[in-house]
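Encoded as C-alpha cells, the structure appears first; notes follow it.
The values are calculated or read from the model by the stated rules, or taken from the named source; none is laboratory data. The shown structure was predicted, so the numbers you read here are calculated from the model rather than taken from an experiment. Quick reminder, even Gly has a Cβ in these numbers, built from the backbone with ideal geometry, and neighbours come from all protein chains shown. Each accessible area value is taken on the protein alone, full model and side chains, heavy atoms only, with ligands, DNA and RNA left out. Shrake-Rupley method; radii C 1.70, N 1.55, O 1.52, S 1.80 Å.
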4 protein chains.
Amino acid sequence: MPAIDLNADLGESFGAYRIGCDAELLKLITSANVACGFHGGDPVVMRETLLAAARGGVGIGAHPGFADLQGFGRRPIRMAPDEVEAMVVYQIGALIGMARATGTAVTHCKVHGALNNMACVEPDLAMACARAVAAVDPEMLFVVMPGSALEAAGAQAGLPLAREVFADRGYDDAAMLVPRGQPGAMLHDPEEAATRMLRFVETGAIESLSGKRIPVQIDTVCVHGDSPEALETARLLRQRFAAAGVALRPMHRGLAR
Amino acid sequence: MPAIDLNADLGESFGAYRIGCDAELLKLITSANVACGFHGGDPVVMRETLLAAARGGVGIGAHPGFADLQGFGRRPIRMAPDEVEAMVVYQIGALIGMARATGTAVTHCKVHGALNNMACVEPDLAMACARAVAAVDPEMLFVVMPGSALEAAGAQAGLPLAREVFADRGYDDAAMLVPRGQPGAMLHDPEEAATRMLRFVETGAIESLSGKRIPVQIDTVCVHGDSPEALETARLLRQRFAAAGVALRPMHRGLAR
Amino acid sequence: MPAIDLNADLGESFGAYRIGCDAELLKLITSANVACGFHGGDPVVMRETLLAAARGGVGIGAHPGFADLQGFGRRPIRMAPDEVEAMVVYQIGALIGMARATGTAVTHCKVHGALNNMACVEPDLAMACARAVAAVDPEMLFVVMPGSALEAAGAQAGLPLAREVFADRGYDDAAMLVPRGQPGAMLHDPEEAATRMLRFVETGAIESLSGKRIPVQIDTVCVHGDSPEALETARLLRQRFAAAGVALRPMHRGLAR
Amino acid sequence: MPAIDLNADLGESFGAYRIGCDAELLKLITSANVACGFHGGDPVVMRETLLAAARGGVGIGAHPGFADLQGFGRRPIRMAPDEVEAMVVYQIGALIGMARATGTAVTHCKVHGALNNMACVEPDLAMACARAVAAVDPEMLFVVMPGSALEAAGAQAGLPLAREVFADRGYDDAAMLVPRGQPGAMLHDPEEAATRMLRFVETGAIESLSGKRIPVQIDTVCVHGDSPEALETARLLRQRFAAAGVALRPMHRGLAR
C-alpha cells in the first residue's frame, strides 16, 4: 500500500500573539514543522506544540528560520554560511531540549521561509543547513524540494531525505516553484489542488503548469493552515488519499526503509 | 587529595560586541558557565566558546538567564514559574545542540544573574529551574548556593548538586551573600580573597564578615573575569590551591562519586 | 454640557501577528493609546494606526511600555528609574516622529501594562515616566489613575493630567483597583459596566465594590477591545453617555482649559 | 576660508556591551552619527552620546540601520521600501525625542551599514530613506555618497545634502568604493590616508586607485574609530586640514548656505 505524509508549519504563535490554526491542522496532518523561537514560536508555545503533536500522533520536526520575528522569517537576510550553520544548530538543539523535557522526539527538520528559499538555490547556504542538521543528529530526516540545492546538500551530508511537494503551489517545467506574484503561482481551488496532488503522488511525478510531467520521489506534501481554503485543501487531500488507498503516516515512519 | 573546581561565566559576547576575558579565564578555571543566547552569547559565540573550553580541558555548563540582552540578565523580570521552566529548557537544549555539533558535552548548569538571585529565595522559581534541568538531563550537575532555595529544589528534583562559594563576595552569619552596595559585599583585594577562599575550602566552612564559621559542602568556587583584580584573584587562587595540595578539576569529575 | 473621553489601547499588532480589534474600536473611542514598538507595535503598524486614528477623528497618545514583546509589557521588569526615563523618551519620540511623517499629532501619553502598574505605586518610577513626558513635550496630557503615584509625579512635573477610570474594573474603598484574581476585580456584564460608568462620570466619583463613593476628577474612561464583551461595553457606554447628554470628545480637547 | 566636516559613527554601545572609542573620537570629529537602537545603541547610550556630543560642540545626526543588533546592521536584509521608510522614520523620531529631552538637536541623518550600501545602488530603497528623513524634518541634512542612488533620492526629496568621502577607502574610476576584500579597498596607512584626503578636499575631486580625478562636491569626510590606525588617521586629518587652512566645522553649519 502506497503511503504519503502531510506536513504543515505549527507553533508559530508568540507570547500573547496567536497565529495559525494549529488545533485544526493537527487533526489533518501527519508531520508538524515546529517553529524554534527565531521567526516565530517561543519556549512556552514550543512546549505546548510538542505535547499537542505527540497527543495527535503527529511526527515532530524542527523548523528553523532567520532571527526575524517582525518579518516572520520571510525576509532574506544575508548571513555567512558559518553563521547560518550555528543558528540552525541552536534552534534544532533548543527544540530537541524541549522534546526531551516533554517526552517527545524530533525526527525531521525543515528549514523555514526565506532561509529555505535561499538555500534551495545557494549551495553554500544549503550545505550550512545540512551540516547543522547532520551535526546535531545524523539520523534526522531532512525535508527538501526535489532538484534543489538543499536536496544535493542533504545527500552530500549523508542525511536521510524527505522530498516535498506543495499542495497549493504551481510548478514550472524544471519542477521549480513558480515565484509568488506570477500567474499560476498559487492554486486557490481546494478541489483542484487535492486532485492534482493525488495525481502527483500516484504517478510519482510533478506536473508543471504547462502539463509537463517530471518524475520525482515524493515523500511528503506540504499544506498550509493560514487560510480557510488551505485547511479545506488539507481536508480534501486526506479524503482523496484515503479513497485512493494511499496511507497517511508521519514521514519519519514512511522513510524508515 | 582534596579537590576543588573553579568556575566562571564565559561566552557572553554578542555579535560584534566583545565582553569578558574568556581567553585568559580559560587558562585559570576548570569549569565554564556558557551563556545561551538570552542574556548574552549568540550561536557563533557559543560554538567558539565550547570549542575553546574543550581544547582547554575545561568542563562545560549551561548558563541560562532572562531574555534581556540590554540588561545582561541582571534585571529581575517577573515571569510565571511555568514560563521560566520552558525558558531554561530551551536554553539548555540549545547549548546541548551546539555541544553535539562540536563534539563537546554539557555537564553542568548554573543559572545566571537576576534569575539565579530570585531563584535563591523563591522556591517556585527554584523548582522551575531545577525541573527544567532534570527534564533535559537528570545527570546534569546543578550549581547552587548552599542554603538557598535552589539547593533545596535541586535536591528535590533529584539532581546531583555542586555547592558554590564566591571568591569575591562577603557572607553574612546565615551564609548568605551580603547584598551589593552594603559594606563588605565585595572583596577587592585579590590576596585576601584567595587566602580566605583557601580557608573556606580547607575547613569546609563559609566564614562570615563577623568571623562566624558555617560548615557547608564546597564543590566549586566562582571567580569573575570582568576586572583585572578578578583575573588576579583567579590566578592567586590557583597558586594557593596548588601550594596547599588541593587539586583543581572540573566539577563534573570531582562530583562523580 | 458635560464631556468625557473614551480611551483604548491600539496598534499592538506586530509584523504578521494581528492582535486587538482596532478597526471596531476606532469607531467607538475618542482617544487611542498607540503602542510604540516595545511591548507591541512596529513602525509599519504605528504608521497605519496613526493614519486610521486621524481619519476617525480620534486623539492620539503614546503608549510606552517595557521592551518585552513576549510578555506584551505585562511582566514587571526591575529597571533603574534613569533607564525607564530614557526608555520612555525613546518611545514617545519614535511615535512623534511617525506622527510628523503622517501629518498627525501625539497629544497624550499613557504608560502601558506592568510599567503603569509599578509606576502607580513607586514614586521614583512615576517620576521617571513623568519626567520623560515633560522632557519631550511639556504640553502633553499625562493619563493617570486618580490617587496614584503617577498622578502625583505628573503634577510635580507640571504636566496637564487626564484622570482615568476603568470601565471593566472593580475599585476598593481607597479608589484603587481590586487586583486581578480577586473577587470583583473584573466586571463582566457590559450593561452593568456601562451603567456604573455613567454614574461615575455624572456624579464625579468612583464607587467601590462596597458601595463607598470617592469623589475624583474623571477625564477619560478606559475601555478594552480584547474581548467581545469589552467591545460591547464600549458600545453601550457611547449610547448611555449620548442618552444622558454627556458629550464624547478626545481628551486633549476636553482638557484644553 | 575653505571648510570641511569630519564625521564618525558614535553611540553604538548596547547595555553592558561597550564598543568604539567615543570619547577619543569626540575630540577629533565635528559631526557624530548616533546609532538609534536598532543596529546598535540603546536609549541610555543615546542620551549619554547626545549630551557628550553637545558638550564637545559636535553636530548630531541620526544613524538609522537595520534592526539587527547581532549583525551590527551590516547584514543586508530584504525589506519592502515601505517598511524601510517606516523603520527609518521611527529611529529618527526616537533620536529627536531624546534630543528634545536633552536640550540638543538632530541636524543630519546618515544611513548605516548594509542599509546604506543597498540604498546607494537601489533607487527604491534610497527613496524610502530620503522620504523618511524629509517626512520627519525637511531641513535635515542628508549625508550621501556622491553619485549614489541616495544622492539622487535626497535631491528628489528636496533635502539639503552633505556629500561624503571616506578617509580609509579606495575608489574606482567611477568614484564608487572598491568593495571590501578587493585590493585597494582599505587604506591602512594613516599618513597616506590623511594626505590623500586633504588632496580630495583641496582639489574638490575624488582620486581613484588608478589615479583618475573625478570632480565632486565634498562636504564631509567619514573617519572611523574602531581601530588605533583609524583614530590616528582622524588625528592626522585634523592636523593637515589645520596646516592647510581648511576650517573644521559641523556639517550643518558648513551647509547653511
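Near the amide H of C:Phe166, within less than 5 Å, lie the amide hydrogens of C:Cys222, all on another chain or at least 5 residues away, with H placed in the peptide plane.
Here's the list of lysines a cross-link from A:Lys27 could span, going by alpha-carbon distance under 29 Å and ignoring same-chain residues fewer than 8 apart: A:Lys110. Using a simple spin-label model with points 7 Å from Cα along the Cα→Cβ vector, what separation in nm is obtained for A:Met1 and B:Glu24? For A:Met1 paired with B:Glu24, the spin-label model returns 6.8 nm.
Other chains' Cβ within 10 Å of B:78-90 residues: what's the mean?
6
Counting only other residues whose beta carbon sits under 12 Å from that of D:Asn33, what net charge do I get with K and R as +1, D and E as -1?
Numbers: positive: D:Lys110; negative: D:Asp5, D:Asp9, D:Glu12, D:Asp22, D:Glu164.
Net charge around D:Asn33: -4.
Placing a label point 7 Å from Cα along the Cα-to-Cβ direction at C:Ser210 gives distances to the equivalent points in the other copies of 4.3, 8.4, 9.0 nm, listed shortest first. Take the Cα of C:Thr195, step 7 Å toward its Cβ, do the same at B:Ala105, and the gap between the two points is 7.1 nm. Positive contributions from Lys and Arg (+1) and negative ones from Asp and Glu (-1), summed over other residues with Cβ under 12 Å from the Cβ of A:Pro228, come out at -3.
In this structure, C:Arg180 and C:Ala155 have a Cβ-Cβ separation that, at R0 = 45 Å, corresponds to a calculated FRET efficiency of about 0.95. In nanometers and ordered shortest first, the copy-to-copy spacing of the A:Lys27 label point, defined 7 Å from Cα toward Cβ, is 3.2, 6.6, 7.3. Relative to one another, the C-alpha centroids of region C:118-177 and region B:51-101 are positioned 38 Å apart. Highest mobility in the GNM of chain D, judged by mean-square fluctuation with C-alpha springs under 10 Å and restricted to D:Ser31, D:Ser210, D:Ser227, is found for D:Ser210. The helix-only estimate of mean residue ellipticity at 222 nm for chain A, built from DSSP H runs of length n ≥ 4 each weighted as -39500 (n - 2.57), is -12500 deg cm²/dmol after division by the residue total. When chain B is described by a simple charge dipole with +1 on each Lys and Arg Cβ and -1 on each Asp and Glu Cβ, the residue from B:Gln70, B:Gly11, B:Ala234 located farthest towards its positive end is B:Ala234. Accessible surface buried at the A:C interface totals approximately 1200 Å², computed with a 1.4 Å probe on protein heavy atoms.
B:Glu139 to B:Ala52: extension gain in nm, 0.36 nm per residue of separation minus the Cα-Cα distance?
Extra length available between B:Glu139 and B:Ala52 comes to 29.0 nm.
Per residue, the accessible area of chain C comes to 36 Å², computed with a 1.4 Å probe over protein heavy atoms only.
Considering only chain D, the C-beta nearest to the rotation axis that sends D to C is found at D:Ala94, 2, the distance in whole Å.
Approximating the spin labels as points 7 Å out from Cα along Cα→Cβ, the C:Leu209-to-B:Asp226 distance works out to 4.3 nm.
Evaluate the relative contact order of chain D (contact order divided by residue number), counting alpha-carbon pairs under 8 angstrom at least 6 apart; express in whole percent.
Worked out over chain D, it gives 21 percent.
What is the local net charge at B:Gly20, summed over the other residues whose Cβ is closer than 13 Å to its Cβ (Lys, Arg +1; Asp, Glu -1)? Neighbour charge sum, excluding B:Gly20 itself: -4.
Remind me, relative contact order of region B:1-143 in percent, using alpha carbon pairs under 8 angstrom and six or more residues apart?
Working: 263 pairs, mean separation 31.3, N = 143.
Relative contact order for region B:1-143 comes out at 22 percent.
Antiparallel beta bridges, as assigned by DSSP with both residues in chain B, represent about 20 percent of the total such bridges. Between this copy and the others, label points of A:Glu122 are 1.3, 4.1, 4.3 nm apart in ascending order, each placed 7 angstrom from Cα in the Cβ direction.
Looking at the protein assembly as shown, the DSSP beta bridges with both ends there are about 20 percent antiparallel.
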